[in-house]
Amino acid sequence: MLQRVAKACEASRRDPSSVTLVAASKNQPVAALLEMFDLGQKEFGENRLQEALPKIAALPTDVTWHFIGRLQSNKARKAADAFDVIQTLESKAQLREIDKSCKVVDGLIEVNIADEFQKNGLSVDYVDEFLQEVLNSTHVHFRGLMTVGPALDDPEKMRMYFRRLRELGERLGSQWLSMGMSGDFDVAIQEGATHVRVGTALFGPRPQ
Ligand SMILES: *Cc1c(COP(=O)(O)O)cnc(C)c1O
């Protein structure tokens with residue numbers, strides 16, 4: 001896995017330390033996370049608050065927790081209390097709740113980069129306006145952009161979407177770009193990802 005990251009960095013002349021591997025651990029039992037932790041993995045991404053809380057309690061405290069699932073605004077304050085990074089900001093209602101948290105979180109705006117119907121994240125057209133809201137939030141430290149992107153059969157077909165996110169991020173002063181999953185993170189790294197969210201390529205198939 002780390003070799004694949006290193007290869008993609010080499011191919012794009014990037015320093016491997018500029019890419020953070022976030023282990024997407026949804027549906028994985030605590031034991032699987034602990035095993036990864038013992039191998040040196042320190043950043044984990046979880047999709048659901050209820051599932052994540054016991055895992056956060058069970059793992060050592062020097063883990064960085066990323067929230068990567070759809071975040072209902074009524075759970076946003078608790079998510080901010082428990083997580084270090086919220087990657088899926090998309091509404092003012094979320095920000096209002098996060099601002100009630102007892103701490104400050106790093107935040108990424110989730111972008112629906114291919115403008116897919118009924119997909120999470122904001123359409124590109126709304127990102128500028130929402131960024132102002134994020135910058136006004138007292139408990140979010142804006143870091144950049146995140147996208148999931150369309151599920152396509154060929155990672156090469158993702159390149160244009162990753163590039164589009166990078167260009168948008170450059171225009172908005174984004175430090176972090178969270179893009180790329182098991183099937184396409186090599187291409188995402190070549191296009192400038194600073195965070196790749198990898199599940200099955202790391203843990204094997206997800207228990208249902
Ligand atoms: C599950 C998930 C991933 C990881 O997917 P894999 O294909 O297993 O690597 C990445 N990002 C998000 C938002 C996810 O929900």
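What the chain shows is 49 Å² of accessible area per residue, with the surface traced by a 1.4 Å probe over protein heavy atoms.
Here the extension length gained between His141 and Ser91 equals 16.5 nm, from 0.36 nm per residue of separation less the Cα-Cα distance. Using a simple spin-label model with pseudo-atoms 7 Å out from Cα toward Cβ, Phe117 and Lys7 lie 3.8 nm apart.
Put simply, the Cα atoms of the chain extend 41, 39, 31 Å along their principal axes, the longest span coming first. Restricting the chymotrypsin sites (Phe, Trp or Tyr not before Pro) of region 49-117 to loop positions (DSSP other than H, G, I, E, B) with no more than 15 neighbouring Cβ atoms within 10 Å leaves Phe117. Over region 1-73, what is the relative contact order in percent, taking alpha-carbon pairs closer than 8 angstrom and at least six residues apart? Value for region 1-73: 28 percent. Would you mind telling me the share, in percent, of accessible area of the chain contributed by carbon and sulfur at probe 1.4 angstrom? C and S atoms contribute 49 percent here. Note on region 85-118 and region 129-183: Cα centroid distance 12 Å, given to the nearest whole angstrom.
Computed on region 47-111, the Cα convex hull volume stands at 74 Å³ per residue. Extent along the principal axes, Cα only, for region 104-206: 39, 26, 26 Å, with the longest axis given first. Find the relative contact order for the chain and round it to a whole percent, using C-alpha pairs within less than 8 Å whose residues are 6+ positions apart. In percent, rounded to a whole number, it is 21.
Partner lysines whose Cα lies under 20 Å from the Cα of Lys157, excluding those fewer than 8 positions away in the same chain, are identified as Lys7, Lys119.
The values are calculated or read from the model by the stated rules, or taken from the named source; none is laboratory data. Worth saying up front: this structure is predicted, and the values here are computed from it rather than measured. Because the Cβ atoms are built from the backbone with ideal geometry, glycine has one as well, and the counts that use them run over all protein chains shown. What goes into the accessible areas is simple: the full protein's heavy atoms, side chains included, and nothing from ligands, DNA or RNA. Shrake-Rupley method; radii C 1.70, N 1.55, O 1.52, S 1.80 Å.
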